[in-house]
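First up is the structure itself, then whatever we jot down about it.
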Amino acid sequence: MEDINLYTLLFLVLAGFIAAFIDSVVGGGGLISIPALLFTGISPSAALATNKLAGTMGSLTSTISFIRAGKVDFKFVIKLFPITVIGAALGAYVVHFVSAEILKPLILILLVIVAFYTLVKKDWGKDAKYKGLTRKKMILLIVIIFAIGFYDGFLGPGTGSFLLFSFLIIGFDFVRAAGNARILNFGSNIAALIIFLSMGTVNFAYGIPMGLAMVAGALAGTNFAIKKGASYVRILFICVTILLIGKNVLNYFHIF
């Protein structure tokens, strides 16, 4: 710890707070936290692993906040929780043997579809319309949730957005969809973190201070979202999705 620059820690704390404020509601916090960690000079693998430690702390906080506010369909989501955990653990393991580059074109296409659909459906997610799922739709949802969990362990950015979109598709309003997504995102985070810890790639000196800042950011973000309602979450969701598209385009063409 004595070798760590105080200004670096302050930078990570600020970045962590802002990242968690956004991530706690619609995901996409990795747009801020991962580049911040890379800026310190640690390796990309260490940055991803350390971000999982900090992100898990923030994700747990926002999950508890949404549950306490009654914005989670707990009995429904808890059935999907193990699916996310297994998918994320597998993804975090596979990423050490397969390049994450293979997923980037597909993720870019999916993000464009998500953004377009949300912009066109202006009243979408304003009111809850969920009335249960047929057996076939439930099986399809399980496959989708497993794939998103795998993606979170394998690559990560945009996981919260994909989870939120999945719950919107089946009829939840934006705030409740965000709450449900937080439960599953926490599961995928903790699963991936366990794999990263076993491989010794987590930087605790950076991860713990950043994680504490994420706890504060997550509290602020979830409370703000719950008070402001679906319209605020929708706007934030669209903004973050567009930013994710921009970042993926730049990465794909090796501009940034």
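The values are calculated or read from the model by the stated rules, or taken from the named source; none is laboratory data. Source: prediction; values computed, not measured. Using ideal geometry, Cβ is built from the backbone for each residue, glycine included, and neighbour counts are taken over all protein chains shown. Side chains included, ligands, DNA and RNA excluded: accessible areas come from the protein's heavy atoms. Shrake-Rupley method; radii C 1.70, N 1.55, O 1.52, S 1.80 Å.
Below is a table of values for the structure above.
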item	result
Column: log10 I(q)/I(0), Debye, Cα scatterers of segment 19-109, q = 0.12, 0.14, 0.21, 0.25 Å⁻¹	-0.48, -0.66, -1.29, -1.39
Heavy atoms of LYS79 accessible to a 1.4 Å probe, total area in Å² rounded to 10	140
Segment 37-147 - percent of accessible surface contributed by carbon and sulfur, probe 1.4 Å	69
Efficiency of FRET from Cβ geometry, LYS129 and CYS239, R₀ 22 Å, rounded to 0.05	0.35
Degrees, to the nearest 10: 74-94 long Cα axis against longest axis of the chain	40
Rounded tilt (10° steps) of 30-39 against the dominant C-alpha axis of the chain	10
Candidates per chymotrypsin sites (Phe, Trp or Tyr not before Pro) in segment 1-109, loop by DSSP, up to 15 other Cβ within 10 Å	PHE97
Neighbour-limited loop hits for trypsin sites (Lys or Arg not before Pro), segment 99-192 (at most 10 other Cβ within 10 Å; DSSP other than H, G, I, E, B)	LYS122, LYS131
Length gained when the stretch SER45-MET138 is fully extended (0.36 nm per residue, less Cα-Cα span)	30.0 nm
Label assignment, percent of Cα pairs over 23 Å apart derived from the structure, set (1) 62; (2) 56; (3) 46	(3)
Base-10 log of normalised Debye intensity for segment 1-64 (one unit scatterer per alpha-carbon) at q = 0.11, 0.16, 0.27 Å⁻¹	-0.24, -0.49, -1.20
Segment 166-256, accessible area per residue, ligands and nucleic acids excluded (1.4 Å, Å²)	40
Structure-based [θ]222 nm, the chain - -39500 (n - 2.57) summed over DSSP H runs of at least 4, per residue, nearest 500	-26500 deg cm²/dmol
Cα pair distances in segment 188-256, grouped into 10 Å bins until the bin that holds the longest one, percent each	16, 26, 39, 19, 0
Hydrodynamic radius of segment 110-181 per Kirkwood, over alpha carbon pairs, in Å	12.7
Charge dipole (debye, nearest 20) of segment 1-82; +1 at Cβ of Lys and Arg, -1 at Cβ of Asp and Glu	480
Apportionment of accessible area to carbon and sulfur, segment 198-240, percent (1.4 Å)	70
Rounded to the nearest 20 debye, dipole of the chain from Cβ charges on Lys, Arg, Asp, Glu	1200
Rounded to 10°, Cα long-axis angle of helix 6-26 versus longest principal axis of the chain	10
